[in-house]
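For reference, the structure discussed in these notes is given below.
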Amino acid sequence: MNVIWQGLVEAVKLIIRLDPEVLTVLFLTLRVTGTATLIALVLGLPIGTYLALNEFPGRQPIIALINTGMGLPPVVVGLFVFLFLARSGPFGSFEVLYTPTAMIIAEIIIATPMVMGVTVAAIQALDPRLQLQIMSLGANRWQFFWTLVKEARLSLLAAVAAGFGAIISEVGAVMMVGGNIKGETRVLTTAIVLATRQGQVSLAIALSIILLGLTFFVNIFITKAQQGKR
Amino acid sequence: MTDTLLELEKVVHSYAGRQVLEVERLEVKEGEMLVVLGQTGTGKSTLLRVLNLLEQPEQGVIRWRGQELPANHARLEIRRRIAMAFQDPLLFRASVFDNVAYGLRLRHRPKTEIEEKVGKILGLFKIGHLATRNPNQTSGGEAQRVALARALVIEPDLLLLDEPLASLDPVIKEELAKDLIEVLHSLNVSCVYVTHSREEAFMVADRVAIIEQGKIAQIGDLEDVFYRPASVSVAGFVGVDTIIKGEVTEQEKGLAVIRIDHGQIEAITEYRPGDKVFVCIRPEDIVVESFDSEVHAGHKASARNHLKGKVTGIRTLGAIAKVNIDCGAPLVATITKRSLDDLGIKKDDEVIASFKATSVHVIKSEVIPPPKSSPLPAGRQA
């Protein structure tokens with residue numbers, strides 16, 4: 001118990017002191033997961049909506065593939081992103097391995113199927129007659145899409161929360177493709193792993209509390225957007 | 001030409017290889033309420049999607065104010081002059097105000113205009129007090145008022161309605177029908193109103209189009225279609241319960257005598273002796289009297305037709321009773337429940353059914369070419 005108590009005290013100190021090292025880790029975490037979540041949304045919402053509304057051959061296998069993607073083991077994603085970005089790999093010449101870009105790519109691959117899969121289900125759960133109603137009130141294509149997304153926002157924001165939660169707590173993939181380099185690719189999760197290994201338990205606990213607090217804080221916003229205008 | 005808003009010509013449309021719509025010609029005139037009356041699955045909803053320019057028919061021409069429609073991508077401007085509401089309100093997850101403001105926001109209207117117009121239309125539909133409520137805090141009738149306000153707030157030239165009152169209770173239905181017509185008149189909006197209910201058609205229509213299997217069987221003023229149906233099937237659909245086959249035997253200055261099984265009927269018609277016809281009588285035009293041989297011996301009345309018959313069935317529908325009478329041919333009369341009680345009519349009683357010659361509508365039976373193999377069904381023989 002003593003160790004945990006010390007950790008809590010240390011955490012409060014670190015947070016009050018605005019430790020520059022911790023801040024760097026915190027901002028990088030936000031930048032990487034924020035960017036990845038945003039890109040996952042930009043990809044997942046329109047494609048998911050398209051899949052939900054249109055019938056075409058091959059649609060079902062694609063949806064099955066997306067649903068499989070929702071359960072992709074992050075370590076496997078990390079491995080393949082590593083292999084593709086490694087110097088000898090097909091995209092080696094871009095030299096993005098062990099940079100935040102590589103981490104963002106891995107996290108996009110983890111989060112996009114989640115957003116897409118939930119979007120398909122959420123849009124399909126809407127009353128199909130709503131589509132005709134929206135069009136008949138004079139919506140253009142873009143307004144039509146946006147209205148449907150807004151109507152499905154309860155489920156879609158749950159998807160955002162799940163996607164964001166999955167990637168902010170992700171360790172394996174970001175470790176493999178980011179390398180946990182201090183000041184460059186070290187995020188909260190990888191920093192916690194390192195601190196624990198080095199016996200800096202109180203630092204690890206402090207970082208964990210910051211991670212939990214951050215996730216909670218982001219979810220407050222998501223929940224507000226979700227429940228605010230019911 | 002100027003008073004025709006939207007016009008379909010030779011429009012044909014199919015779904016999955018099955019032809020669902022074949023409209024030779026349909027005009028929606030400026031400021032009119034055109035009711036499209038037909039049973040479920042006769043192509044009414046498809047017609048609305050075509051009129052809403054959301055479905056491109058396979059063949060045919062659509063004209064908006066006399067102009068042929070531009071290519072698909074340029075249609076939004078015209079599409080935005082049209083709005084549609086359905087049987088279910090299909091409201092968005094937003095306040096009543098935001099629901100009604102939707103169409104104006106799609107059109108990027110300024111905020112002050114939105115507030116003014118939404119306030120005005122909510123007032124016209126008598127739901128101003130609901131503005132801040134959510135749809136799940138409104139009753140069925142209120143929600144439908146919101147849906148109609150949402151469609152009309154953009155002040156469209158044409159409003160399309162798909163069974164807008166079908167889910168409502170009779171009293172609420174009548175109130176809303178009245179308010180809707182007032183709003184349409186005050187905004188000078190043309191309206192195509194699709195329904196399967198002839199009561200609703202009666203409540204709202206200026207003109208009526210009867211649609212049967214994707215085709216317009218008859219179109220005209222409400223009285224024309226209801227009292228002078230062009231075919232037996234239209235007659236059945238507009239509530240003519242009595243349709244009897246007969247043949248004209250005499251003709252004198254427009255008053256004809258028509259022979260039916262076990263009797264004859266006098267009617268106002270120009271058809272000539274020898275013409276095979278159908279005699280149509282609306283149930284509310286038939287007067288039922290209990291039969292008393294002494295009284296009827298010297299009985300005189302202005303109604304030209306008195307048929308003696310036997311009551312075969314009585315069905316009460318609220319304050320109204322439908323009486324089936326067998327006069328050789330089957331007749332259906334509606335009388336009030338009170339008359340039924342006063343007359344004391346029961347099943348198997350003998351009664352006199354009377355109706356004026358002017359209440360009889362005569363349809364000439366079409367000559368149906370005999371099919372190659374099977375013989376004609378007895379009822380349709382010309």
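Just so you know, all these numbers are worked out from the coordinates, no wet-lab data involved. Not measured: the values here are computed from a predicted model. Heads up, the Cβs are rebuilt from the backbone with ideal geometry, glycines too, and the neighbour counts pull from every protein chain shown.
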(request) Calculate how steeply helix B:170-187 sits against the longest principal axis of the alpha-carbon atoms of chain B, using the helix alpha-carbon long axis, and give the answer as 0 to 90 degrees to the nearest 10. (result) 60 degrees
(request) Among the lysines, select those whose C-alpha is under 16 Å from the C-alpha of B:Lys215, and discard any that sit fewer than 8 residues away in the same chain. (result) B:Lys10, B:Lys44
(request) Tell me the GluC sites (Glu not before Pro) within region B:264-295 that lie in a loop according to DSSP and have at most 12 other beta-carbon atoms within 10 Å. (result) B:Glu270
(request) Averaging sequence separations of C-alpha pairs under 8 Å and six or more residues apart, then dividing by the length of chain A, give the relative contact order as a whole percent. (result) 32 percent
(message) Filter B:Lys29/B:Lys276; B:Lys308/B:Lys347; B:Lys253/B:Lys364 down to the pairs with a C-alpha to C-alpha distance above 25 Å, please.
(response) B:Lys29/B:Lys276
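Hey, can you list the DSSP H helices of chain A whose Cα span along the axis is 30 Å or longer and whose average Kyte-Doolittle score is at least -0.5?
A:20-53, A:100-125, A:201-227
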(message) Using the Cα centre of region B:4-232 as the reference point, and only Cβ charges (+1 on K/R, -1 on D/E), how large is the resulting charge dipole? Debye, rounded to the nearest 20.
(response) 780 debye
(message) Restricting to DSSP H runs of at least four residues, report the calculated mean residue ellipticity at 222 nm for chain B, -39500 (n - 2.57) per run over all residues, nearest 500 deg cm²/dmol.
(response) -7500 deg cm²/dmol
(message) Give me B:Asp275, B:Asp341, B:Asp157 sorted ascending by neighbouring Cβ count inside 10 Å, so fewest comes first.
(response) B:Asp341, B:Asp275, B:Asp157
(request) Quick one: order A:Met70, A:Met176, A:Met116 by neighbouring beta-carbon count within 10 Å, fewest to most. (result) A:Met70, A:Met176, A:Met116
(message) Suppose we keep just the alpha-carbon trace of region B:240-364; what are its Rg and Dmax in angstrom?
(response) 14.5, 43
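Which whole-number percent of Cα pairs in the protein assembly as shown have a distance greater than 36 Å? Display every interim value, and only then the final one.
Details: 108322 of 186966 pairs.
Considering the protein assembly as shown, 58 percent of its Cα-Cα pairs are separated by more than 36 Å.
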(request) Sort out for me the Cα centre separation of region A:75-122 from region B:75-103, rounded to whole Å. (result) 41 Å
(message) Give me the net charge for the shell around B:Ala177: Cβ to Cβ below 11 angstrom, other residues only, Lys and Arg +1, Asp and Glu -1.
(response) -4
(message) Below 12 angstrom from the Cβ of B:Phe237, what's the summed charge of the other residues (Lys, Arg +1; Asp, Glu -1)?
(response) -1
(request) Identify all lysines with a Cα-Cα distance to B:Lys126 below 23 Å; exclude those on the same chain that are fewer than 8 residues away in sequence. (result) B:Lys111, B:Lys117, B:Lys173, B:Lys178
(message) In Å and on Cα atoms, what radius of gyration and Dmax does chain B show?
(response) 24.9, 80
(message) Can you say what percent of the DSSP beta bridges in the protein assembly as shown, counting only those with both residues inside, are antiparallel? Round to 5.
(response) 80 percent
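Based on other C-beta atoms within 10 Å, arrange B:His108, B:His185, B:His196 from fewest to most.
Details: B:His108 6, B:His185 11, B:His196 17.
Placing the least packed residue first, the sequence is B:His108, B:His185, B:His196.
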(message) Averaged across A:124-131, how many Cβ atoms of other chains sit within 10 Å of each residue's Cβ atom?
(response) 2
(request) Would you give the gap between the C-alpha center of region B:11-51 and the C-alpha center of region A:187-230, rounded to a whole Å? (result) 59 Å
(request) Could you calculate, for region A:112-230, the ratio of the Cα radius of gyration to the Kirkwood radius, expressed as Rg to Rh? (result) 1.16
(request) Give the span of region B:4-232's Cα atoms along each principal axis, as three whole-Å numbers ordered largest to smallest. (result) 49, 42, 33
(request) Note down the net charge around B:Asn188, summing +1 for each Lys or Arg and -1 for each Asp or Glu among other residues with Cβ under 15 Å from its Cβ. (result) -3
(request) In whole Å, largest first, what are the principal axis extents of the Cα atoms in region B:23-79? (result) 34, 26, 20
(request) At most 10 other Cβ atoms within 10 Å plus a DSSP loop assignment makes a site exposed; report the longest stretch of chain B without any exposed trypsin sites (Lys or Arg not before Pro). (result) B:1-252
